[in-house]
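*Asks:* Please find one structure pasted underneath; my questions will follow.
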Amino acid sequence: MKFEIQLTGAGGKRKHVVELERKGDLCSVALDGQAIDVDAVQIAPNAISVMLGGQSFEIHVSRFPDGTLNLQCGPHEFSAEIIDPRAWRGRKHGAVEVEGRQEILAPMPGKVVRLLAAVGDAVEAGQGLLVVEAMKMQNEIRSPKSGKLERLFVKEGQNVNAGEVLAWVE
């Protein structure tokens, strides 16, 4: 499988070609035509541990309402757009908001340092709901849809575990 990834970060935009080939339980990866050794394991909801060229990285992944991915690795943050040549060209991936009540989960263990919305508030897709601090980094947790903040299960100063329900948006 071959696709393009456009990464946008503090250093600007870069486009890479990624090729994946499955061989039984193993997967080989080529980045921009260069074969690389990669081992990846999901360690928590929305968190992946990656061994790349002998170095270990912990990457936290969340999805923006427009379908792009937010990647956080240590102090670095990127947005990633995956361009799959097999996808229909006329289709807008991720542009349709999710429907129904949505649970907002903690992407990593940390401490709630700020509430950005209150129960009953009308919220827009992508609007920040609260801020969780983990490993001295503050991560804004955003609404996946437009609607009303129905329930808030945390308060400022509370510690949370990865995958814990923080709020509901209806």
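*Asks:* Number of Lys pairs in the range 102-169 with C-alpha atoms less than 22 angstrom apart, excluding same-chain neighbours closer than eight positions?
*Replies:* 4
*Asks:* Can I ask one more? Give me a comma-separated list of calculated 3J(HN,Hα) values for the range 71-83, in order, Karplus coefficients 6.51, -1.76, 1.60 applied at θ = phi - 60°, integers in Hz, x for any Gly or Pro.
*Replies:* Here the 3J(HN,Hα) series is 10, 10, 9, x, x, 9, 10, 9, 10, 10, 10, 9, 10 Hz.
*Asks:* At most 13 other C-beta atoms within 10 Å and a DSSP loop state: those are the exposed trypsin sites (Lys or Arg not before Pro) I care about. Give me the longest piece of the chain that has none.
*Replies:* 1-85
*Asks:* Between E133 and L7, what is the spin-label point distance in nm, taking each point 7 Å from the Cα along the Cα→C-beta axis?
*Replies:* 2.8 nm
*Asks:* I would also like to ask the following. Mind putting a number on the dipole of the range 2-83 about its Cα centre? Charges go on the C-beta only, +1 for Lys and Arg and -1 for Asp and Glu, and I need it in Debye to the nearest 20.
*Replies:* 160 debye
*Asks:* Would you kindly state how much longer the chain becomes between R22 and V165 on full extension, computed as 0.36 nm times their sequence separation minus their alpha carbon distance, in nm to one decimal?
*Replies:* 48.0 nm
*Asks:* Still on this model: Based on Cβ point charges of +1 for Lys and Arg and -1 for Asp and Glu, what charge dipole magnitude is obtained for the range 102-169 about its Cα centre, in debye rounded to the nearest 20?
*Replies:* 80 debye
*Asks:* Whose amide H sits under 5 Å from the amide H of E77, counting only residues 5 or more places off or on another chain, with H placed in the peptide plane?
*Replies:* A10
*Asks:* Which value in nm describes the separation of the simple spin-label points at S79 and L52, placed 7 Å from the Cα toward the beta carbon?
*Replies:* With each label placed 7 Å out from Cα toward Cβ, I get 2.0 nm.
Just so you know, all these numbers are worked out from the coordinates, no wet-lab data involved. Because the structure is a prediction, the values reported are computed rather than measured. Here Cβ is always computed from backbone atoms with ideal geometry, including for glycine, and neighbour counts include all displayed protein chains.
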